[in-house]
Amino acid sequence: MAHVFISASHKSSGKTTIAMGLCAAFRERGLVVQPFKKGPDYIDPMWLGAGAGRVCYNLDYNTMSEAEILAAFWRRARGADLSVIEGNKGLYDGLDLEGGNSNAAVAILLGAPVVLVIDARGMTRGIAPLILGYQAFDPAVRIVGVILNKIGGSRHEAKLRAIIEHYTDVPVLGAIHRDPALEITERHLGLIPNTETADAGVKVATIARMVADQVDLERLLELAAPTATPTPPLAREQPGAASAATDLTIAVARDAAFGFYYADDLEALEAAGARLLPIDTMKQAHLPDLDGLFIGGGFPETHMTALQDNRSLRHDIRAAIEGGLPTYAECGGLMYLGRTLSWRGTTREMTGVIPADVVMHETPRGRGYVRLRETGSGPWPLAGGGEIAAHEFHYSSLENLPGGTTFAYDVLRGFGVDGRHDGIVIGNLVASFAHLRDGGAHRWTRRFVDFVRAHKGRLDETGR
């Protein structure tokens, strides 16, 4: 299975656009392309998946062991002609001083050749020491080519190609010229999700065509040729082989306002016995028959008028949760369950399940990896393990939250709700700013489904 790691010299070099364009361009040529994203991210995988026509999976050292990363990668890559792994930030960036959780570490672990995307604006001769430095910093990383991005014109491209050829042995696989058609609009959390972009399909096709015209796809495919890296035993297992019988219905908010879900977490919910039923929080008038509810992250603030206007669904959700419906909400979901949501001088009513007001700020209130410890006050039983690794990225905070609020987690690293706690508990609801990831260290999906099943069993016995 051919695979290639698309990284960059620094953040915002345009690697997501190029990686998505490569996925789509190779797909247009009839190849089966499997995308991956390094690190905790929801939006980039949406675009990568749109380009490849296949679900994108995350590979994250914070929530996965090396064995899990290897197993997840090889299992998902099986059957694909090419796997494209997009890094986050720069090639050598990471929290670990030794680089143990960097993009480079993932590339080495997977035996993946690296193509370096370089934002070449304003650069000429200085590009040579940059490339040489990246090559020399860690010889175990195989940088097999560079793609020059945001080129100023044909003269600029010619100079850069001549300099790189003269001073380095790294081939230039492509040179992408600056063009507004290549831009995907950004806002406070990064790129706007493709679910909110009316012409997402046209955008993907346009970028694919422009990348194909300016990148040597045949040469890149040759450099991505399979290595001798063995397939780990865990990866040979069929995913979902031990799936439980489907006996529950869990509604999942999936629309333009709420779309932050890890694909393998949703698959794990199904493997635990849940039938997932998507609901649209802005268009659907009423809740369907269901046993549990999952409202993930997203951008409720950009859709808060439409969310407010759907009064019947807001009423249904509040009544269901207050009636004991097992519910899990993350970040944007927590915001939707608050009393009001305020952003840029405008306030709208939300469901009112959580007796607090959500306020959006100009700068993040919580950002990065977090560590949680369960308090034992959550509705489902303790996992019995140690710390829970998660992540948060929110510009919002809660105001007027009453004293005595019950929390599911103590925050050991990060911010959460108030710098010390996260996971608001109200009845059978847990709502947190932290985003969990199902993995060997914390199988949150199985615990949630088991609780939903136990609650359903009690209802079946008592009728209430």
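Could you pull out every one of the aspartates and glutamates with an alpha carbon less than 20 Å from that of LYS150, ignoring same-chain neighbours closer than 8 positions? In chain and number order, the partners are ASP44, GLU86, ASP119, GLU165, ASP179, GLU183, GLU186, ASP213, ASP216. A cut-off of 5 Å between modelled amide H atoms, ignoring neighbours fewer than 5 places along the same chain, links ARG413 with ARG371. For GLU86, the residues whose amide H sits under 5 Å from its own are ILE6, PHE36, LYS37, LYS38, ignoring neighbours fewer than 5 places away on the same chain, with H placed 1.01 Å from N.
Put in line by how crowded their Cβ is, counting other Cβ atoms within 10 Å and starting with the fewest, ASP199, ASP119 read ASP199, ASP119. The distance from the alpha carbon centre of segment 96-145 to that of segment 370-391 is 37 Å, rounded to a whole number.
Report, in degrees rounded to the nearest 10, the 0 to 90 angle that the Cα long axis of helix 200-214 makes with the longest principal axis of the chain. Once rounded, the angle reads 20 degrees.
Against the main long axis of the alpha-carbon atoms of the chain, helix 311-322 sits at an angle near 70°. Taking every DSSP beta bridge that has both ends in segment 2-236, the antiparallel portion is near 10%.
Taking the number of Cβ atoms within 10 Å of each Cβ as an exposure proxy, the fewest-first ranking of GLU392, GLU270 is GLU270, GLU392. As a proxy for reagent exposure, ranking SER102, SER312 by other Cβ atoms within 10 Å from fewest up yields SER312, SER102. Here segment 95-167 is treated as a Stokes sphere of Kirkwood radius computed over C-alpha pairs; at 25 °C and 0.890 mPa s its diffusion coefficient rounds to 183 µm²/s. Dividing the summed helix terms, -39500 (n - 2.57) for each DSSP H run of n ≥ 4, by the number of residues in the chain produces a 222 nm estimate of -9000 deg cm²/dmol to the nearest 500. Distance between the C-alpha centres of segment 334-352 and segment 405-432: 19 Å, rounded to the whole angstrom. Judged by the mean number of other Cβ atoms found within 10 Å, the most tightly packed of the peptides 159-166, 423-430, 247-254 leads the ranking 423-430, 247-254, 159-166. The long axis of helix 66-77 is offset from the longest Cα principal axis of the chain by roughly 80 degrees. Over 26 Å between Cα atoms: which of LYS38/LYS456; LYS15/LYS283; LYS11/LYS37; LYS37/LYS159; LYS11/LYS283 fall into that group? Exceeds cut-off: LYS38/LYS456; LYS15/LYS283; LYS37/LYS159; LYS11/LYS283.
Note that segment 248-462, at 20 °C in a medium of 1.002 mPa s, gets a Stokes-Einstein diffusion coefficient of 125 µm²/s from its Kirkwood radius over C-alpha pairs.
Every read-out reported here was derived from the displayed coordinates using simple, explicitly stated rules and does not represent laboratory data. This structure is a prediction, so every number in the text was calculated from the model and none was measured. No Cβ is skipped: glycine too gets one built from the backbone with ideal geometry, and neighbour counts run over all protein chains shown.
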